[in-house]
Each structure stands twice: as structure tokens, then as C-alpha cells.
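Student: Handing you this structure, nothing more for now.
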Amino acid sequence: MAEAMGTTGPASPPGRGTGTRGTSVRRPWRVPTDWETEKPAGAVIRRLVLGSALMLFLELALIRWLGANVVHLSYFSNFVLLGSFLGIGLGFLISRRRWSVLPATPVILALLVIFVFLEPVTIDRAGDEVIYFTSLTTQGPPAWLVLPIIFILVAAVLAGPAEVVGRCFAHLRPLTAYRWDLVGSLIGIGSFTLLSFVRAPSMVWGIVVTICFVVLIGGWPRFLGAVAGLAMITALMVETLGAGISWSPYYKIFTEDRVVGGTSRTDISVNGVPHQIMRAAAQRLQEEPQYGLPYQRAAGNPLTKVLVIGAGSGSDVAIALSKGAQHIDAVDIDPRLMEIGQEKNPDHPYDDPRVTRYVNDGRAFLQTTDNKYDLILFALPDSLALVTGASQIRLESFLFTEEALQSARDHLTPGGSFSMYNYYRDDWLIDRLAGTASAAFGHTPCVDKVGGGEAVVTAALDESKQSCGTPYSPSGAVIAPATDDRPFLYYQGGPIPSMYLWALGGILLISVLMVRAFGGPFRAMRPYADLFFMGAAFLLLETKNIATFALLFGTTWVVNALVFGGVLVIVLAAVETTRRFRTPPLPVVFVGIALSLLVCYLIQPDWLLTLPFLLRLIAAVLLAFVPIYLANVAFSKRFGASDDSQSAFGLNLLGAMLGGCLEYLALLTGYRNLLLIVGVLYLVAFLLAPRRGRGLVSV
């Protein structure tokens, strides 16, 4: 199954070689292709497509909604993804039995939504191993209780639509079912992407999910599903209609107009965390003079052209205008935050003809613009969100690498300067960023530390044009700069943080126990151990590709949606190739996988950054999708000839979960070296394949 999943979730659980009652059907190794012999029933296919679409749509919705309401789950969104993997695996195993979990699924979903809505959870993630931008207080049950409950409930919710898909697979040849499951997955991701494009609120997601459940559930339980769905929609409607609530493609945004000390201001929170405060520029400079430091440290700067990355609601833009900026390019990744600034900012900076707005990823903007600037500001660009549900990359990760600051340096005029500021929380992070600026500019920057962990780091292209205050000296050992291969700015280094290890160990333990309970003895799955390693390898490969595309084209939700959809299309192409044509034997396909991985390893992604956009896109697509295509040809051949697809699926799914856990190794190895682990996993998969699976017979 992992061989065909999108980065945000399982796009295509593999087929099942079973009869209509769920008993295994033994088949010869070489069978006629589906294209040659089969004309499947339309009703089964329609139900399969709807079930697959619901699976992916529901998974994406849960990642977005739970991340918005359980603070810091947005930093652990692959936690929800792994719960989804487990649920889909259990759903397929349950589909072999006479009883059904489907009628209970909407009830479980409603309970999950209502519980989280009534008892929003703020998880305390204090510690010095990894920095998290937290809410001001913690509330709700402790993390050790909340996270396992969410993991189990997510698995239970996804088991319902997965059971539907599994029962449909029983009536179709594996590759035919695989094909239509991919079609359903594309519909699911396309639907959620469309709703993200129009910024539909959570209530709309609930309506879509409820309609799908009502259609899929038969008999009197349909009424129970409708009632549960109505209860869920009611809770989501209360959230949607709440004062100041809106949704962007990245966050649930809450705005509140307040009067503090006789002065009006607007507070903005995203996903439950305080994010921005809008008030007049003059007042901000008076109360927080550090915002004027970038201009003081480069006093002779003419400010003819200024770039503000992280422009958000416009406060930093308004300050730049008040300092005499003649033209400003304002860049922010979130369109809704910029709209709020246009609507509510008291200085109305976005209505000023001197300001041009760009909705884009900051690093991507630097890579595509030819403009030179007198001042480049990184204005509090902390995202509070991950790029996807299957990666530890945050939206701003590639903005603070050594290569990114070098790119900013290259866009400065001869007398220009660069500055970044934020509430960095810890001295080691301030020192790391100062060290990164020093490496990029070739000299020590000005560093102004403000109480409470805030700091302003300023570096002029010409050191003589800096006007520093107190000479800077680091507080301790300086951590090496983050790089494009290891863009983990907030990770101090050393071993993988213990909180990750405990969480991942618990996930794997729960998964093994539940797969054993529903799937029977593992010895029955032994013939498909190779599929276990295929699943782990593919998810790890896909994670690495997501990081590459985020670097090359930005971390915007549009880029991510195109990558996810592209992966599904490539997988579908691999399935169709296997269905329609006689493909090479598995040894040849695995050699192709090894060669394509070697090419990907040798060609470093940052080499492509200098290429024009079209050539960069072509090169990135070939490097990313050729190994994905070959891996799925291998998987389709192996799966299409399986005798017991339930066991095959169970091991493949468990392997995918292992791959999701191994993604954290990137903290130690970097993303490029993940390809070495992928290669080892595919080698093990080939060695464990049955002799007939490694033979020269094509499937």
C-alpha cells in the first residue's frame, strides 16, 4: 500500500486476492493481465472510488483540523498520518470478516471532533532540544494521555472507509482494484485542494465527510451515521461561525479587536498560538524600539527599494514606510494574513502605492526575483506549521539556511543590509543565526539582544556600513548553520529528542499489537516480508522528494498539492504499465531502482537552483518521479501475483509506518543520505522476495 501513497496520506491501498467471503484464493504466479480478461462490475468500482476518495479526504481534513485545535500537534502531524496508516491496514483486515466497523466510524469521528472542540488541548513542549513556538498557557489533559487517544481514534475513524475499499477489492483483480483506488485518491486530494483554494471552513469538510458516510453505509445504521454526522457538523458550525474565525490554506486564524491602555489593536492567533499584533507603526516603535534597530544599524541606507519577507498583516511594512522606504516588495506565504492586514491595519500599508504584495514562499521569491534591495528584512517569519503531514519541514525551514542567507546577500545593492528579528526564546538559537549570518556575509553581524529571548541580527554587505552597538560575543558554543540538506533550525543537535523516540516507539508497539490482533499470526505474513521493506522504502523516498520540491519551488500549499497529485499520477502510470504491458522481470526493475537512486544521490538539489524555472522543473520531475515509477512497477508486479493479499497488505502497511518513523533520521543524516537508507531497504526487499518473485517471469 505504501508504494502508492501520497505524502499527505495513503493514496492507494493494494488489492486483495480474495473471494467474496474473504477467503484467500490461490492463483498461479503467471496470470493473464487484467486488461486482457476482466470487465469489472460498475457498482463495485463506484463504491471503491468513493471509499478511496473519502479515505484521503478524511485523512487530510483530520491533519488540518486536529493540528489547528491541538496545539503542537501541527508539529507532529505525521502522528495523525501514521494513525491513518494503521486504521487503513486494520480496515483491510476487518474486511475479511463478517462483522463491520463502518457503521460505528461516523460515531467515533463525531466523538473525536466534539471532544477536541469542547476541550482544546495545549501540549507543553518545553525543553532545550527542540524549540516550539508555544501558546502562553497549557490546558486540557496531559500530552501522554492525549496523543495516544488521538492516535487510536484516528485509526478507528480511517478503518471504516478502508473496510469499504477492502471489501470492494475482494471482487476485483488486484491491479484493477489498485487502479480505481488511485482514481479515488486523486479525487479525494483534488477535492480537498479545491476547498483549500476557496478557503472553505471546517463545517464544509464535515458536510462532505457526512454525505460520503451516509452513501456508503447501508440499512438502518445509515440513520445512526446521519445523526452522528449532524452532531459533528453542529460542532464545526459553531467553530466556523465563531467571532473572528477564518481559515487560510495553512491555519485556523482567530482575530480579536482589543483596547489596551486606551489604544486600539488587533491580536491575531493561528492554530491557538499568539502570532501577530496589529497597531500603529508609531506606537509599536515607541513601545518596542527594537523594530527600529535594522534602520539604526545601517544609518546611511537610502531605502530606495526594500524587501520584507514575512510581511503578514503589514506592521513591518508600515514601519519601513515610516522610515522613508520608497518602494517595498511585501512577501508572505499566507494570503489570509495579508487580507486581514489590508482590512484592519490602522496604517493601511497595503493601500500605499509604494507597496507591492506577493503571496509566495520567501525562499522561492528570492530564487526567482532579479531585483536588488537596499534592505532585506526577515520579519518574524515563524510558521507554526509543517509543510505536510509526512515531513518535519516547517514552512520557513529553507528560509534560515546558510544558502538562503547567501541568496539574500546576493540580492543586496552595494550599500545594502540584511536584518532578521523574532522572539527566538533561547540564546543558542540567537547565536546560531548570528553564526549563519557571519558565514553568509563573511563578517560578524550586529546582534542586539532584547529581554525575553528577542533579538535583531543585522549584517551589511559592506561591514564598514554597519553601526553596531555593544560588540557581539556568543553566549556559548555556536551550533553550525542549518543547511538546505539539514534545514532544522530549531533543533539543537545531538541524538534524536527523547520525546520523538517515546512517541514513535509507542506508535510502533500499538501498531504491531493491533495488526496481530486483527491479522492473525505474523508467520502467515512471512511470505510478504519483502513488501514490508518496500513500504518503508517508498514512504522514506517520498518524504525526501517532498523536501526537494519544497527547496526548489517553495513550501506553498499549491506546490505541495501539485507534488502529491503528481505522485499519484505516476503511481497510476506504473499500475497501468503493469496491467497493459509485459514488463521486465523484477531483478531488472530493481536494478533500475538502484540506478535511479544513485543518480538522485549524486545530483544535489541545490545544483538545480541556478537553472531557469522550466529546466529546473523538468530536472526535478525526472529525478523524483523515475524512482517512484520504477518502485511502483516492482510493487505492482509483486502484489499482482500475491496469493494472500490481506497478509501482503498488512506487512506493506506496517512497513509504511516504519518508513514514517525513519523519517526522523533526517535530523541526524540530512535528507540526501536518506536515499542510502532507501537503497538498503529496497535491497533487503529484493533479497527477501520469494525465488519465483525474483525470477525472470514477467507479470
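Student: Suppose we filter Leu658, Leu630, Leu598, Leu662 for residues that are modelled with pLDDT of 85 or more, surrounded by fewer than 18 Cβ atoms within 10 Å (Cβ to Cβ) and in a helix (DSSP H, G or I); which single one remains? Talk me through it step by step, then tell me what you get.
Tutor: On the way: Leu658 fails: surrounded by fewer than 18 Cβ atoms within 10 Å (Cβ to Cβ); Leu630 fails: surrounded by fewer than 18 Cβ atoms within 10 Å (Cβ to Cβ); Leu662 fails: surrounded by fewer than 18 Cβ atoms within 10 Å (Cβ to Cβ).
From the options Leu658, Leu630, Leu598, Leu662, the qualifying one is Leu598.
Student: Have a look at Leu508, Leu540, Leu531 and point out the one that is touching a residue at least 24 places away in the same chain (Cβ under 8 Å), over 22 Å from Gly640 (Cα atoms) and buried (at least 24 other Cβ atoms within 10 Å of the Cβ).
Tutor: Details: Leu508 fails: buried (at least 24 other Cβ atoms within 10 Å of the Cβ); Leu531 fails: over 22 Å from Gly640 (Cα atoms).
One residue alone meets the criteria, Leu540.
Student: State all residues of segment 289-319 that are under 34 Å from the mean Cα position of the chain (by Cα) and of a type in the set (A, V, I, L, M); if no residue qualifies, say none.
Tutor: Val306, Leu307, Val308, Ile309, Ala311, Val317, Ala318, Ile319
Student: With surrounded by fewer than 24 Cβ atoms within 10 Å (Cβ to Cβ), over 24 Å from Asp257 (Cβ atoms) and at pLDDT 90 or above as the only criterion, which of Pro353, Pro294, Pro335 stands out? Before you say what the answer is, go through the steps one by one.
Tutor: Values: Pro294 fails: surrounded by fewer than 24 Cβ atoms within 10 Å (Cβ to Cβ); Pro335 fails: over 24 Å from Asp257 (Cβ atoms).
None of the other options fit; the residue is Pro353.
Student: Same structure again: Does Asp485 count as surrounded by fewer than 16 Cβ atoms within 10 Å (Cβ to Cβ), acidic (Asp, Glu) and in contact with a Gly (Cβ under 7 Å, 6 or more places away or on another chain)?
Tutor: Values: surrounded by fewer than 16 Cβ atoms within 10 Å (Cβ to Cβ): no; acidic (Asp, Glu): yes; in contact with a Gly (Cβ under 7 Å, 6 or more places away or on another chain): yes.
Considered against the rule, which asks whether it is surrounded by fewer than 16 Cβ atoms within 10 Å (Cβ to Cβ), acidic (Asp, Glu) and in contact with a Gly (Cβ under 7 Å, 6 or more places away or on another chain), Asp485 comes out as no.
Student: Let me ask you something else. In segment 216-317, which helices (runs of 4 or more DSSP H) lie fully inside it and hold 2 or more residues that are closer than 30 Å to Val447 by Cβ?
Tutor: Details: elements: 221-240, 281-287, 293-296.
Output list reads 281-287, 293-296.
Student: When you check Val238 against the structure, is it at pLDDT 90 or above, exposed (fewer than 15 other Cβ atoms within 10 Å of the Cβ) and not charged (D, E, K, R), yes or no? Spell out the reasoning first.
Tutor: Details: at pLDDT 90 or above: yes; exposed (fewer than 15 other Cβ atoms within 10 Å of the Cβ): yes; not charged (D, E, K, R): yes.
Yes, satisfied.
Student: While we're here: Examine segment 320-330 for a residue that is of a type outside the set (Val, Ile, Thr), under 22 Å from the mean Cα position of the chain (by Cα), under 18 Å from Tyr421 (Cα atoms) and not in a helix (DSSP H, G or I), and state whether such a residue exists.
Tutor: First pass over segment 320-330, keeping only residues of a type outside the set (Val, Ile, Thr): 320-327, 329-330.
Subsequent filtering for residues that are under 22 Å from the mean Cα position of the chain (by Cα) retains none.
Within segment 320-330, not a single residue is of a type outside the set (Val, Ile, Thr), under 22 Å from the mean Cα position of the chain (by Cα), under 18 Å from Tyr421 (Cα atoms) and not in a helix (DSSP H, G or I).
Student: Can I ask one more? For segment 574-595, which positions are modelled with pLDDT of 90 or more and aromatic (Phe, Trp, Tyr)?
Tutor: Residue satisfying the conditions is Phe590 alone.
Student: Cβ-Cβ distance below 7 Å, separation of 6 or more or different chains: which pairs start in segment 47-66 with a residue that is on the phi > 0 side of the Ramachandran plot and end on one that is part of a helix (DSSP H, G or I) and surrounded by fewer than 24 Cβ atoms within 10 Å (Cβ to Cβ)?
Tutor: none
Student: Are any of the residues in segment 461-482 crowded, with 16+ Cβ neighbours inside 10 Å, in a strand (DSSP E or B) and in contact with a helix residue (DSSP H, G or I) (Cβ under 7 Å, 6 or more places away or on another chain)?
Tutor: no
Student: Also, I was wondering about something else. Taking the stated definitions as given, is Arg199 surrounded by fewer than 24 Cβ atoms within 10 Å (Cβ to Cβ), touching a helix residue (DSSP H, G or I) at 6+ places or on another chain (Cβ under 6 Å), in the same structural domain as Leu572 (by TED's automatic domain parsing) and charged (D, E, K, R)? Reasoning before the result, please.
Tutor: Working: surrounded by fewer than 24 Cβ atoms within 10 Å (Cβ to Cβ): yes; touching a helix residue (DSSP H, G or I) at 6+ places or on another chain (Cβ under 6 Å): no; in the same structural domain as Leu572 (by TED's automatic domain parsing): yes; charged (D, E, K, R): yes.
Considered against the rule, which asks whether it is surrounded by fewer than 24 Cβ atoms within 10 Å (Cβ to Cβ), touching a helix residue (DSSP H, G or I) at 6+ places or on another chain (Cβ under 6 Å), in the same structural domain as Leu572 (by TED's automatic domain parsing) and charged (D, E, K, R), Arg199 comes out as no.
Student: Still on this structure: Just a yes or no: is a residue in segment 607-619 in a helix (DSSP H, G or I), modelled with pLDDT of 90 or more and within 22 Å of the chain's Cα centre (by Cα)?
Tutor: No: segment 607-619 contains no residue that is in a helix (DSSP H, G or I), modelled with pLDDT of 90 or more and within 22 Å of the chain's Cα centre (by Cα).
The values are calculated or read from the model by the stated rules, or taken from the named source; none is laboratory data. This one's a predicted model, so the numbers in the text were calculated from it and none came from an experiment. Positions of Cβ are generated from backbone atoms using ideal geometry, with glycine treated the same way; all protein chains shown enter the neighbour counts.
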